[in-house]
Amino acid sequence: MKTTKLIQFARVKRQMSLLGLCCKDSGSPHYKLQPKLVLSRYQNGMTLIEIMISLLIGAFLLGGVLQVFIGTKQTNRMQENVSRLQENGRLALDFLSKDIRMAGYWGCLVPAVANIDIAGTNDNNNVNKIDNGTDTITISGAFDLTNPPAGVCGTGVDTSAAYYSTIAYKINNVTLQRNADGLVEGVENMQILYGADSDANGSPDYYVAAGTVGLDMTKVISIRITLTLQTLDAHLTTTGDGRIRRSFTTTIALRNRLP
(Lines give C-alpha, C1' and ligand atoms only; values in the text may rest on other atoms or scores of the structure.)
Protein backbone atom coordinates (compact mmCIF):
# COMPACT_ATOMS: atom_id res chain seq x y z
CA MET A 1 0.00 0.00 0.00
CA LYS A 2 2.74 2.39 0.98
CA THR A 3 4.65 1.55 -2.18
CA THR A 4 1.60 2.26 -4.32
CA LYS A 5 1.07 5.67 -2.72
CA LEU A 6 4.69 6.55 -3.25
CA ILE A 7 4.44 5.59 -6.90
CA GLN A 8 1.30 7.75 -7.35
CA PHE A 9 2.92 10.68 -5.54
CA ALA A 10 5.98 10.33 -7.75
CA ARG A 11 3.78 10.46 -10.89
CA VAL A 12 1.94 13.57 -9.68
CA LYS A 13 5.20 15.23 -8.69
CA ARG A 14 6.67 14.45 -12.11
CA GLN A 15 3.67 15.86 -13.96
CA MET A 16 3.65 19.04 -11.87
CA SER A 17 7.36 19.43 -12.40
CA LEU A 18 6.97 19.11 -16.14
CA LEU A 19 4.19 21.75 -16.13
CA GLY A 20 6.24 24.09 -13.96
CA LEU A 21 3.61 24.25 -11.31
CA CYS A 22 5.92 23.50 -8.44
CA CYS A 23 9.45 23.84 -7.36
CA LYS A 24 11.62 22.30 -4.76
CA ASP A 25 11.88 24.28 -1.58
CA SER A 26 15.40 24.65 -0.29
CA GLY A 27 16.04 22.39 2.70
CA SER A 28 12.83 20.45 2.12
CA PRO A 29 12.22 17.30 0.12
CA HIS A 30 8.69 18.45 -0.61
CA TYR A 31 7.32 20.46 -3.52
CA LYS A 32 5.09 23.48 -3.31
CA LEU A 33 2.91 25.31 -5.84
CA GLN A 34 4.11 28.52 -7.55
CA PRO A 35 1.04 30.63 -8.33
CA LYS A 36 3.14 33.48 -9.79
CA LEU A 37 4.68 31.10 -12.29
CA VAL A 38 1.26 29.90 -13.27
CA LEU A 39 0.07 33.45 -13.97
CA SER A 40 3.17 34.46 -15.91
CA ARG A 41 3.07 31.29 -18.00
CA TYR A 42 -0.62 31.28 -18.92
CA GLN A 43 -1.70 34.98 -18.85
CA ASN A 44 -1.84 36.50 -22.43
CA GLY A 45 -3.23 39.78 -23.99
CA MET A 46 -4.01 43.12 -22.33
CA THR A 47 -6.54 44.31 -19.85
CA LEU A 48 -9.44 46.58 -20.79
CA ILE A 49 -7.78 49.57 -19.12
CA GLU A 50 -4.60 49.04 -21.12
CA ILE A 51 -6.62 48.86 -24.34
CA MET A 52 -8.48 52.08 -23.51
CA ILE A 53 -5.24 53.91 -22.71
CA SER A 54 -3.71 52.70 -25.98
CA LEU A 55 -6.75 53.89 -27.94
CA LEU A 56 -6.60 57.29 -26.25
CA ILE A 57 -2.91 57.74 -27.06
CA GLY A 58 -3.56 56.63 -30.65
CA ALA A 59 -6.39 59.15 -30.97
CA PHE A 60 -4.11 61.98 -29.81
CA LEU A 61 -1.41 60.95 -32.29
CA LEU A 62 -3.89 60.64 -35.14
CA GLY A 63 -5.36 64.05 -34.30
CA GLY A 64 -1.91 65.60 -34.45
CA VAL A 65 -1.19 64.03 -37.83
CA LEU A 66 -4.53 65.25 -39.20
CA GLN A 67 -3.88 68.76 -37.89
CA VAL A 68 -0.49 68.88 -39.62
CA PHE A 69 -2.04 67.59 -42.85
CA ILE A 70 -4.86 70.15 -42.81
CA GLY A 71 -2.46 73.00 -42.02
CA THR A 72 -0.10 71.99 -44.81
CA LYS A 73 -2.96 71.69 -47.28
CA GLN A 74 -4.32 75.15 -46.36
CA THR A 75 -0.87 76.72 -46.65
CA ASN A 76 -0.32 75.16 -50.06
CA ARG A 77 -3.78 76.34 -51.20
CA MET A 78 -3.05 79.88 -50.06
CA GLN A 79 0.36 79.99 -51.74
CA GLU A 80 -1.10 78.68 -54.99
CA ASN A 81 -3.83 81.35 -54.99
CA VAL A 82 -1.39 84.17 -54.19
CA SER A 83 0.94 83.02 -56.98
CA ARG A 84 -1.93 82.97 -59.45
CA LEU A 85 -3.08 86.41 -58.24
CA GLN A 86 0.38 87.90 -58.82
CA GLU A 87 0.62 86.27 -62.22
CA ASN A 88 -2.79 87.62 -63.22
CA GLY A 89 -1.81 91.11 -62.02
CA ARG A 90 1.35 91.17 -64.14
CA LEU A 91 -0.49 89.75 -67.14
CA ALA A 92 -3.31 92.32 -66.91
CA LEU A 93 -0.88 95.25 -66.70
CA ASP A 94 1.09 93.84 -69.62
CA PHE A 95 -2.04 93.73 -71.81
CA LEU A 96 -3.01 97.28 -70.87
CA SER A 97 0.48 98.73 -71.24
CA LYS A 98 1.07 97.20 -74.64
CA ASP A 99 -2.15 98.60 -76.13
CA ILE A 100 -2.17 102.00 -74.40
CA ARG A 101 1.38 102.75 -75.57
CA MET A 102 0.09 102.42 -79.14
CA ALA A 103 -2.70 104.94 -78.65
CA GLY A 104 -2.65 107.60 -81.33
CA TYR A 105 -0.57 105.64 -83.81
CA TRP A 106 -1.72 106.63 -87.31
CA GLY A 107 1.31 105.76 -89.34
CA CYS A 108 1.51 107.99 -92.37
CA LEU A 109 -2.07 109.20 -91.97
CA VAL A 110 -2.92 112.75 -90.99
CA PRO A 111 -5.80 112.98 -88.46
CA ALA A 112 -8.11 115.93 -88.96
CA VAL A 113 -7.95 116.64 -85.21
CA ALA A 114 -4.91 115.63 -83.18
CA ASN A 115 -4.99 113.65 -79.93
CA ILE A 116 -8.61 112.48 -80.00
CA ASP A 117 -7.63 108.86 -79.67
CA ILE A 118 -8.22 108.37 -75.93
CA ALA A 119 -11.47 108.36 -73.98
CA GLY A 120 -12.46 107.07 -70.58
CA THR A 121 -15.18 106.87 -67.96
CA ASN A 122 -14.89 107.02 -64.19
CA ASP A 123 -16.67 105.04 -61.43
CA ASN A 124 -19.38 103.40 -63.51
CA ASN A 125 -22.65 102.22 -61.98
CA ASN A 126 -23.31 98.71 -63.29
CA VAL A 127 -24.21 99.88 -66.78
CA ASN A 128 -23.22 98.32 -70.11
CA LYS A 129 -21.86 95.24 -68.33
CA ILE A 130 -19.34 97.28 -66.36
CA ASP A 131 -18.76 96.46 -62.69
CA ASN A 132 -19.85 99.12 -60.22
CA GLY A 133 -17.20 101.68 -59.25
CA THR A 134 -14.69 100.71 -61.94
CA ASP A 135 -13.19 102.81 -64.74
CA THR A 136 -12.94 102.18 -68.46
CA ILE A 137 -10.55 103.32 -71.17
CA THR A 138 -10.91 103.35 -74.95
CA ILE A 139 -8.06 103.94 -77.38
CA SER A 140 -8.00 104.14 -81.15
CA GLY A 141 -5.37 104.09 -83.84
CA ALA A 142 -4.22 102.51 -87.08
CA PHE A 143 -2.74 99.55 -85.28
CA ASP A 144 -2.97 97.29 -88.35
CA LEU A 145 -1.52 99.81 -90.77
CA THR A 146 1.81 98.04 -91.29
CA ASN A 147 1.75 98.11 -95.11
CA PRO A 148 -0.41 101.11 -96.11
CA PRO A 149 -2.05 100.76 -99.53
CA ALA A 150 -1.22 103.17 -102.31
CA GLY A 151 -2.77 106.60 -101.97
CA VAL A 152 -3.46 106.27 -98.23
CA CYS A 153 -0.40 108.07 -96.84
CA GLY A 154 -0.97 111.75 -96.26
CA THR A 155 -4.72 111.42 -96.17
CA GLY A 156 -7.08 111.76 -93.27
CA VAL A 157 -8.25 108.99 -90.98
CA ASP A 158 -11.08 106.89 -92.37
CA THR A 159 -12.88 105.35 -89.38
CA SER A 160 -14.57 102.83 -91.69
CA ALA A 161 -11.29 101.55 -93.13
CA ALA A 162 -9.87 98.15 -92.22
CA TYR A 163 -6.82 99.71 -90.61
CA TYR A 164 -8.87 101.67 -88.07
CA SER A 165 -9.02 99.96 -84.68
CA THR A 166 -10.71 100.74 -81.40
CA ILE A 167 -9.80 98.92 -78.19
CA ALA A 168 -11.87 99.27 -75.02
CA TYR A 169 -10.90 97.92 -71.60
CA LYS A 170 -13.40 97.40 -68.79
CA ILE A 171 -14.13 95.19 -65.79
CA ASN A 172 -17.11 92.89 -66.23
CA ASN A 173 -18.02 90.27 -63.63
CA VAL A 174 -14.60 90.57 -61.93
CA THR A 175 -12.84 89.95 -65.25
CA LEU A 176 -10.70 92.32 -67.30
CA GLN A 177 -12.19 92.51 -70.78
CA ARG A 178 -10.63 93.73 -74.02
CA ASN A 179 -13.60 94.70 -76.16
CA ALA A 180 -15.82 91.61 -75.78
CA ASP A 181 -13.04 89.19 -74.89
CA GLY A 182 -12.29 88.21 -71.31
CA LEU A 183 -8.55 88.37 -70.65
CA VAL A 184 -7.81 88.06 -66.93
CA GLU A 185 -10.15 86.85 -64.20
CA GLY A 186 -10.07 87.98 -60.61
CA VAL A 187 -9.74 91.71 -61.45
CA GLU A 188 -11.98 93.40 -58.91
CA ASN A 189 -11.34 97.06 -59.70
CA MET A 190 -9.57 99.30 -62.20
CA GLN A 191 -8.83 102.97 -61.45
CA ILE A 192 -7.35 105.17 -64.15
CA LEU A 193 -5.72 108.59 -63.79
CA TYR A 194 -4.71 110.77 -66.73
CA GLY A 195 -1.50 112.79 -66.62
CA ALA A 196 -1.93 116.10 -68.43
CA ASP A 197 0.93 118.26 -69.66
CA SER A 198 -0.58 121.74 -69.42
CA ASP A 199 2.65 123.65 -70.16
CA ALA A 200 3.88 121.48 -73.07
CA ASN A 201 7.22 120.63 -71.44
CA GLY A 202 6.89 116.89 -72.04
CA SER A 203 6.13 116.04 -68.40
CA PRO A 204 2.70 115.56 -66.82
CA ASP A 205 1.75 118.28 -64.36
CA TYR A 206 -1.04 116.41 -62.58
CA TYR A 207 -3.04 113.18 -62.64
CA VAL A 208 -6.81 113.25 -62.45
CA ALA A 209 -9.69 110.89 -63.25
CA ALA A 210 -11.69 111.03 -66.46
CA GLY A 211 -14.43 113.64 -66.38
CA THR A 212 -12.57 115.90 -63.97
CA VAL A 213 -13.35 119.56 -64.59
CA GLY A 214 -10.52 121.22 -66.49
CA LEU A 215 -9.00 117.99 -67.86
CA ASP A 216 -8.09 118.35 -71.53
CA MET A 217 -7.72 114.85 -72.95
CA THR A 218 -5.72 116.18 -75.89
CA LYS A 219 -2.95 117.15 -73.44
CA VAL A 220 -2.71 113.77 -71.73
CA ILE A 221 0.73 112.24 -72.23
CA SER A 222 0.69 109.44 -69.64
CA ILE A 223 -1.82 107.22 -67.93
CA ARG A 224 -1.61 105.71 -64.44
CA ILE A 225 -3.55 102.51 -63.85
CA THR A 226 -4.21 100.74 -60.54
CA LEU A 227 -5.69 97.26 -60.61
CA THR A 228 -7.07 95.49 -57.56
CA LEU A 229 -7.11 91.73 -57.89
CA GLN A 230 -8.59 89.07 -55.66
CA THR A 231 -7.85 85.39 -55.30
CA LEU A 232 -10.18 83.06 -57.15
CA ASP A 233 -10.76 80.91 -54.05
CA ALA A 234 -12.47 82.16 -50.92
CA HIS A 235 -12.00 81.13 -47.28
CA LEU A 236 -8.24 81.69 -47.35
CA THR A 237 -8.31 84.12 -44.43
CA THR A 238 -10.59 84.70 -41.46
CA THR A 239 -11.63 88.24 -42.47
CA GLY A 240 -14.42 89.28 -44.82
CA ASP A 241 -15.07 86.82 -47.63
CA GLY A 242 -11.75 85.12 -46.99
CA ARG A 243 -10.15 86.29 -50.24
CA ILE A 244 -6.67 87.79 -50.51
CA ARG A 245 -6.40 91.05 -52.43
CA ARG A 246 -3.44 92.87 -53.96
CA SER A 247 -3.11 96.17 -55.87
CA PHE A 248 -0.88 96.66 -58.90
CA THR A 249 0.01 100.10 -60.27
CA THR A 250 1.83 101.20 -63.40
CA THR A 251 2.32 104.45 -65.30
CA ILE A 252 2.25 104.27 -69.10
CA ALA A 253 3.72 106.93 -71.37
CA LEU A 254 1.83 107.69 -74.59
CA ARG A 255 4.70 107.45 -77.05
CA ASN A 256 2.82 108.98 -79.95
CA ARG A 257 2.13 112.14 -77.95
CA LEU A 258 5.61 112.72 -76.61
CA PRO A 259 7.96 115.06 -78.47
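The values are calculated or read from the model by the stated rules, or taken from the named source; none is laboratory data. For clarity, every value in this text was computed on a predicted model and none was experimentally measured. Because the Cβ atoms are built from the backbone with ideal geometry, glycine has one as well, and the counts that use them run over all protein chains shown.
Would you point out the residue of the range 145-202, among those that are of a type in the set (S, T, N, Q), within 16 Å of GLY104 (Cβ to Cβ) and part of a strand (DSSP E or B), that is modelled with the highest pLDDT?
Filtering the range 145-202 for residues that are of a type in the set (S, T, N, Q), within 16 Å of GLY104 (Cβ to Cβ) and part of a strand (DSSP E or B), the one modelled with the highest pLDDT comes out as THR166.
Being closer than 19 Å to THR175 by Cβ and at pLDDT 85 or above narrows it down to one residue among ALA142, ALA103, ALA92; which is it?
Checking each option against the conditions leaves just ALA92.
Can you tell me how many residues within the range 186-214 are surrounded by 15 or more Cβ atoms within 10 Å (Cβ to Cβ) and without any contact (Cβ under 8 Å) to a residue 40 or more places away in the chain?
6
Return yes or no: is ILE244 surrounded by 15 or more Cβ atoms within 10 Å (Cβ to Cβ) and touching a Leu at 6+ places or on another chain (Cβ under 9 Å)?
yes
Looking only at the range 95-122, how many residues end up being surrounded by 13 or more Cβ atoms within 10 Å (Cβ to Cβ) and not in a strand (DSSP E or B)?
Here the count works out to 18.
Looking at the range 215-241, which of its residues are surrounded by fewer than 18 Cβ atoms within 10 Å (Cβ to Cβ), in a loop (DSSP other than H, G, I, E, B) and of a type in the set (Ser, Thr, Tyr)?
Within the range 215-241, THR237, THR238, THR239 meet the criteria.
Residue-by-condition table, conditions (1) within 39 Å of the chain's Cα centre (by Cα); (2) of a type outside the set (Gly, Ala, Ser); (3) farther than 17 Å from LEU215 by Cβ:
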| position | (1), (2), (3) |
| --- | --- |
| ARG101 | yes, yes, yes |
| TYR105 | yes, yes, yes |
| PRO111 | no, yes, yes |
| ASN126 | yes, yes, yes |
| ASN132 | yes, yes, yes |
| ALA150 | no, no, yes |
| GLY154 | no, no, yes |
| THR159 | no, yes, yes |
